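The values are calculated or read from the model by the stated rules, or taken from the named source; none is laboratory data. Worth saying up front: this structure is predicted, and the values here are computed from it rather than measured. Glycine also receives a Cβ, built like all others from the backbone with ideal geometry; neighbour counts cover every protein chain displayed. Surface accessibility is based on the protein's heavy atoms, side chains included, excluding ligands, DNA and RNA. Shrake-Rupley method; radii C 1.70, N 1.55, O 1.52, S 1.80 Å.
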Amino acid sequence: MLSSVKKYVFRKFRDSETKRHELNYLFWECTTRCNLNCLHCGSDCSKDSLHPDMPAEDFLKAIDTIKNIPQNFTVVFTGGEPLLRKDIEFCGKELRKRGFKWSIVSNGHLYDKERHISLLNAGIGALTISLDGLKESHNWLRNNEKNFDKVINAIELASSSHRINFDIVTCVNQRNINELQQIRELLISKNAKAWRLFTIIPIGRAAHNSDLLLTDNQFVQLMDFIVECRKSKEIDVKFSCEGYVGKYESLVRDSYFFCRAGINIGSILIDGSISACPNIDRTFSQGNIYTDNFYEVWKDKFQVFRNRKWTKIGQCESCKDFKDCLGNGFHNWHGGKKNVLVCHNEKIEKNAKN
Amino acid sequence: MKRNILRKIIGGISLTSVMFVFQACYGTPQDFGFDLLVQGQVKSKTSGLPIKGIKVSVVNNMQYEMTDEEGRFSFYTERFGSLKLRFQDIDSTENGLYINKDTILTDLDRNVYLAIDLEEK
């Protein structure tokens, strides 16, 4: 009964947030160059990107169109690998001058002591580092035999600073699903405070590698692992907000599923496109900073993100959970958009039947 | 204002305050902003001229920055009750020889600007 009331009120809250459409979180795809060649990369990044890095002044000009800076507004530098840019610190300081916070998603390969200090000096406030297994499985997925050691060094540095709010993300796959407990112990030993677990969706390079995708049974194994971890306070473990997980909703995250892409989350992509999360199909772009006023696009467009009724097609059309799920994470709509790419809840329900 | 309060009440009933401190799937956690900007200029006490190449470091912390051509420095650092900064001449005679100096800052509710004079050796 209480759970139903909570869910009902949450849906009202979600509707209100959608109507409000406040920009709280902005990704900047500042480069598509990358120093790794990960097997699961959803963006098909490479060492020699087709796109040049976006000049900092172009990004800042777009940012300067934002009126009435919302509370907790954060710019997240993403890529490719953002640390390949030499001017991240300059960009960070410019953002701080404007009253914005900023953070970085990094593969950790270039995150050494000197860079850690220069990022702190420039006012970094948060960081996400990828660790995809114990040494062998991590280096396999990251396609680099040195990356694990560098990531561990990056985690130690980030842990040493109380200033940075940081977490570790892990893409769970066939190779690391049975190492999760050991990874957890490793992270606790490195004084990490937060760990987010993802699955890999079959896009980019991952679409062609079945080793990367979990079976339904393994997905439920992952859910149960997270539920168990969350009973302890040693490290904050959670499932990412990638999708709706039915009966596990209140057990694997701090809040119910709410895909805020295009509702509170925007992005400026490498070619100037204005969209939501960078892993969303690029045909959903709403404008371009080189031809449009960024903030006007944010305020006046994004209807396809704010009204998700169009996702009630394919297997979602008759789904009993649609009102809570609303077509799953937006990044699950690709290509012809006639059906959701991944239904997390379906995996759980199929497993329960078997 | 009224709408904001209502928003918080509804968010609170439906779950918790984390509703307002969310994190994108492939993004970072939120920055809670516990830092301050420390900036200033280092000059020679004798000549009044700016000194380049002075290491400005936070004691008991790995952060530091070097002064530029105009003796200026500027960096963000974690906000504590007090902050001890050390000014060190580490480049031997290259930009003159100066005696190191420590400064303790208290009352760190806002950003600080420091004018530092170093004595010549």
Residue in region B:102-109 that is without any contact (Cβ under 8 Å) to a residue 12 or more places away in the chain and more than 20 Å from residue A:163 (Cα to Cα) present = no
Residue A:114 vs. criteria acidic (Asp, Glu) and more than 28 Å from residue B:64 (Cβ to Cβ) | no
Taking the stated definitions as given, is residue B:46 assigned to a loop (DSSP other than H, G, I, E, B) and either touching a residue at least 40 places away in the same chain (Cβ under 8 Å) or out of contact with any His (no Cβ under 6 Å at 6 or more places or on another chain) (or both)?
-> yes
Output the residues belonging to region A:309-340 that are part of a helix (DSSP H, G or I) and within 20 Å of the chain's Cα centre (by Cα).
-> A:325, A:330, A:331, A:332
Looking at residue A:175, is it among the basic types (Lys, Arg), surrounded by fewer than 20 Cβ atoms within 10 Å (Cβ to Cβ) and assigned to a helix (DSSP H, G or I)?
-> no
Residue among A:322, A:294, A:284 that alone is at pLDDT 95 or above, open to solvent by less than 60 Å² (accessible area, probe 1.4 Å), in contact with a helix residue (DSSP H, G or I) (Cβ under 7 Å, 6 or more places away or on another chain) and closer than 19 Å to residue A:74 by Cβ = A:294
Could you grab me the full set of residues in region B:44-94 that are farther than 24 Å from residue A:163 by Cα, open to solvent by 60 Å² or more (accessible area, probe 1.4 Å) and out of contact with any strand residue (DSSP E or B) (no Cβ under 7 Å at 6 or more places or on another chain)?
-> B:47, B:52, B:68, B:69, B:92, B:93, B:94
Of the criteria (1) under 22 Å from residue B:64 (Cβ atoms); (2) buried (at least 20 other Cβ atoms within 10 Å of the Cβ), which one residue A:138 fails | (1)
Residues in region B:97-106: is at least one among the acidic types (Asp, Glu) and in a strand (DSSP E or B)?
-> yes
In region B:107-121, which residue that is open to solvent by less than 80 Å² (accessible area, probe 1.4 Å) and in a strand (DSSP E or B) is farthest from residue A:95 (Cα to Cα)?
-> B:118
Filtering region B:19-43 down to residues that are at the interface with another protein chain (Cβ under 10 Å from one of its Cβ atoms) and open to solvent by 50 Å² or more (accessible area, probe 1.4 Å), which residue is modelled with the lowest pLDDT?
-> B:21
Options A:197, A:180; residue that is in a helix (DSSP H, G or I) and not basic (Lys, Arg) = A:180
Could you identify the single residue in A:196, A:175 that is basic (Lys, Arg), away from chain B (no Cβ under 14 Å) and under 28 Å from residue A:221 (Cβ atoms)?
-> A:175
Output the number of the condition that residue A:268 fails; it satisfies all remaining conditions of (1) farther than 17 Å from residue B:25 by Cα; (2) touching a residue at least 24 places away in the same chain (Cβ under 8 Å); (3) not basic (Lys, Arg).
-> (1)
Scanning region A:56-86 residue by residue, those more than 24 Å from residue A:261 (Cβ to Cβ) and open to solvent by less than 50 Å² (accessible area, probe 1.4 Å) turn out to be A:56, A:83, A:84, A:85
